[in-house]
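First comes the structure, then the notes that go with it.
The values are calculated or read from the model by the stated rules, or taken from the named source; none is laboratory data. The shown structure was predicted, so the numbers you read here are calculated from the model rather than taken from an experiment. With ideal geometry, Cβ positions are generated from the backbone for all residues, glycine too; neighbour counts draw on all protein chains shown. With ligands, DNA and RNA removed, areas are computed over all heavy atoms of the protein, side chains included. Shrake-Rupley method; radii C 1.70, N 1.55, O 1.52, S 1.80 Å.
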Amino acid sequence: MVVATVSYLLFAGCNGSPFQPSPPNVIFPDSNVSFRLHVQPFLRRGCALVGCHDRGGRSGGVVLEEYAHLWERPGLVVPGEPDASVLQQILEARLPHQPDPRELSTDNQRRGVRRWIAEGARYN
Ligand code: HEM
């Protein structure tokens, strides 16, 4: 019931207007991507919204708030292998997902997460 209410508020918006997905304001560097400076703020503001991938929502069994959450689901992140990582496949719409992650992220952010995984997906 709570999730339904939160999801309704999320999709319907506080004032009844439709849910307006937009990328968070996080810019990734071309290399030496930091989990704490870049990846975590992006995931928290773009994905771990209330009722979605926060601890309460746990949509699709996936929480995207803390580094430790990324290892709870096998294959979500495969260090050094962005193409084998479900997180990257979802971000690049190579797996189905609603809302469309391309509306929740910029090209810079999608490339930035890919770079972080390729650099070893460290807690840096
Ligand atoms: C760019 C941000 C996001 C990323 C990276 C992301 C990533 C994911 C991943 C990895 C899964 C699991 C897919 C699987 O098991 O194959 C998933 C499922 C899901 N996500 Fe997201 N998500 C994002 C944003 C959101 C938002 C904002 C919402 C809510 C409005 C949401 C709702 C869901 C739902 C409902 C599922 C389950 C889908 C199903 O069972 O078919 N996600 N997401």
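Filter segment 43-95 for residues that are over 16 Å from Pro24 (Cβ atoms) and touching a Ser or Thr at 6+ places or on another chain (Cβ under 6 Å) and give the result.
Those that are over 16 Å from Pro24 (Cβ atoms) and touching a Ser or Thr at 6+ places or on another chain (Cβ under 6 Å): Gly51, Val77, Val78.
Take segment 43-58 and flag every residue that is within 8 Å of the ligand (Cβ to nearest atom) and either in contact with a Gly (Cβ under 6 Å, 6 or more places away or on another chain) or part of a helix (DSSP H, G or I) (or both).
If the condition is that a residue be within 8 Å of the ligand (Cβ to nearest atom) and either in contact with a Gly (Cβ under 6 Å, 6 or more places away or on another chain) or part of a helix (DSSP H, G or I) (or both), then Leu43, Gly46, Gly51, Gly57 are the ones that fit.
For segment 66-81: of the residues being in contact with a helix residue (DSSP H, G or I) (Cβ under 7 Å, 6 or more places away or on another chain) and within 19 Å of Pro41 (Cβ to Cβ), which is most open to solvent (accessible area, probe 1.4 Å)?
If we take residues in segment 66-81 being in contact with a helix residue (DSSP H, G or I) (Cβ under 7 Å, 6 or more places away or on another chain) and within 19 Å of Pro41 (Cβ to Cβ), then Tyr67 is most open to solvent (accessible area, probe 1.4 Å).
Condition first: within 12 Å of the ligand (Cβ to nearest atom) and at pLDDT below 95. Can you find one or more residues in segment 80-99 that meet it?
Among the residues of segment 80-99, at least one is within 12 Å of the ligand (Cβ to nearest atom) and at pLDDT below 95, which makes the answer yes.
Can you tell me which of Leu91, Leu104 is crowded, with 17+ Cβ neighbours inside 10 Å, under 18 Å from His38 (Cα atoms) and without any contact (Cβ under 8 Å) to a residue 60 or more places away in the chain?
Leu91
Among residues belonging to segment 43-65 that are loosely packed, with under 15 Cβ neighbours inside 10 Å and of a type outside the set (Gly, Ala, Ser), point out the one that is farthest from Val86 (Cα to Cα).
Val50
In this structure, does Pro18 turn out to be modelled with pLDDT under 95, farther than 18 Å from Leu91 by Cβ and surrounded by fewer than 19 Cβ atoms within 10 Å (Cβ to Cβ)? Full working, then the answer.
On the way: modelled with pLDDT under 95: yes; farther than 18 Å from Leu91 by Cβ: yes; surrounded by fewer than 19 Cβ atoms within 10 Å (Cβ to Cβ): yes.
Yes.
From the list Gly61, Gly51, which residue is in contact with a helix residue (DSSP H, G or I) (Cβ under 7 Å, 6 or more places away or on another chain) and either at pLDDT below 95 or more than 14 Å from Val113 (Cβ to Cβ) (or both)?
Criteria check complete, one pass: Gly51.
It is to be established whether one or more residues within segment 100-111 are part of a helix (DSSP H, G or I) and of a type in the set (Val, Ile, Thr).
No, the conditions are met nowhere in segment 100-111.
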